[in-house]
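Visitor: For reference, the structure I am asking about is given below.
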Amino acid sequence: MKIDTYKLHRVHLVLPRPIGDSQVRFTDHWLTVLELATNSGLTGLGFELQQGSPTPTLEHLTVQFECSEWPVLRGENRFSAALRMDRPRGGNVGVGAFSLAVETALWDLMAKSLDLPLYKLLGGTDPKVRAYGSTLDFQLDDDEFRLRLEEFQQMGFRAIKIKVGHPDPDWDLRRLNLVHEVFGKDVDLMVDANEAWSPKETIMRTHLYRDSGFEIFWIEDPITRHDYAGYKILTAEIPFTRINTGEYVDFTGKRHLLENGAADVLNLSGSIGATRAAACLAGDFGIPVSIGNTILELGVHLAASLPECLYLEFSDLPWNRLAKQPVRFEDGWAIAPDRPGHGIELDRDALTEFSQPS
């Protein structure tokens, strides 16, 4: 079974509400959708996301793919292509424009060829994973924020992550109080500051939250991503909540966090291969992991295959409109599809509606 054809789609999704944090604001998502087909009739799907600014036109994406990816993939066996290991050195350091889409499509093909759901191919046995609702709310006013909370409550979530990091601590406290008003206190409440603070400010804020009656399950990315010494201070000085970080650093950065005792939860997302390698490394240090937002919620397969995954993030984003059967979320659980591969089949009508070649 060899890869013999491909097709690219350029997709534009206008978000129903602005999303963002203390640093950024987005109103659009641009997706590159890749279909890799084999000579036996199987097709693997992969996706690449660009937030905010448009991707190149479909014509330019195709030229780039033909130059950088297709010469390696054409005629390739899908097993060897998915499992190949690279050693980034010198001029090949960096991430290609299609690396995630290609890898996802290859794993989808491999699982389909074995007639296995991807989470089972990756070693998982239970398709259910604990999930939290992620409001991405920093750009919303209080009324809009409350509506988002109520939507997640109606979906059955019992864990919520909200944005903090406002210059005014009272703003943070007001938002935390709104969570308690909607959910009560029987909720796993996470906060994400998106690198807004210094280590000392983080310590001050976490004590303020606790003294104000808010038990925080974890605080995510409170300081700049490469401040490994600062994160080590936080894990030592804040015993009453978990420090979650790692999403914004590469594998080397994740290793530095673990070696320095600088994370209580290692946050992972993106590449299947790199995520599993980082999760194995975290296991050596006795550190659990979490899975952040992944396109079309495909991280559910990774989460279901990892032995120490605390939570999977769910932000209810419009990319799920591209799927005939999106990943299901029920009563605070994400459920990996039991269909072969990653289980996402494109809704062709939706794809036509949101495609924007130029």
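Visitor: Which whole-number percent is the relative contact order of the chain (Cα, under 8 Å, 6+ apart)?
Guide: Numbers: 705 pairs, mean separation 71.7, N = 358.
The normalised contact order for the chain reaches 20 percent.
Visitor: So for the range 120-335, taking the charge dipole from beta-carbon charges (+1 Lys/Arg, -1 Asp/Glu), which of S198, V187, G270 sits furthest toward the positive end?
Guide: My answer, from the dipole projection, is G270.
Visitor: Placing +1 at every Lys and Arg Cβ and -1 at every Asp and Glu Cβ, with all other atoms neutral, what dipole size does the range 120-335 have around its Cα centre, in debye to the nearest 20? Numbers along the way, then the final one.
Guide: Numbers: 23 positive and 34 negative charges, 147 e Å.
With Lys and Arg at +1 and Asp and Glu at -1, about 700 debye.
Visitor: I'd like to know which of G52, L258, I219 lies farthest towards the positive end of the charge dipole of the chain, counting +1 on Cβ of Lys and Arg and -1 on Cβ of Asp and Glu.
Guide: L258
Visitor: What is the antiparallel percent of DSSP beta bridges lying wholly in the chain, to the nearest 5?
Guide: Numbers: 31 of 56 bridges.
Within the chain, antiparallel bridges account for around 55 percent of the total.
Visitor: Exceeding 32 Å between C-alpha atoms, which entries from my cross-link table qualify? They are K161/K254; K120/K254; K120/K185.
Guide: Those over the limit are K120/K185.
Visitor: Have a look at the chain and give its Rg and Dmax from the Cα atoms, expressed in angstrom.
Guide: Calculated on Cα positions, Rg and Dmax stand at 20.5, 63 Å.
Visitor: Let me ask another. What does the highest-first list of 246-259, 102-115 look like by mean Cβ count within 10 Å?
Guide: On the way: 246-259: 18.4, 102-115: 23.0.
Going from most to least packed, we get 102-115, 246-259.
The numbers here are math on the coordinates, done by the rules we state, and not lab data. Since this is a predicted model, take the numbers as computed values, not measurements. All Cβ positions, glycine included, derive from the backbone under ideal geometry; neighbour counts span all protein chains shown.
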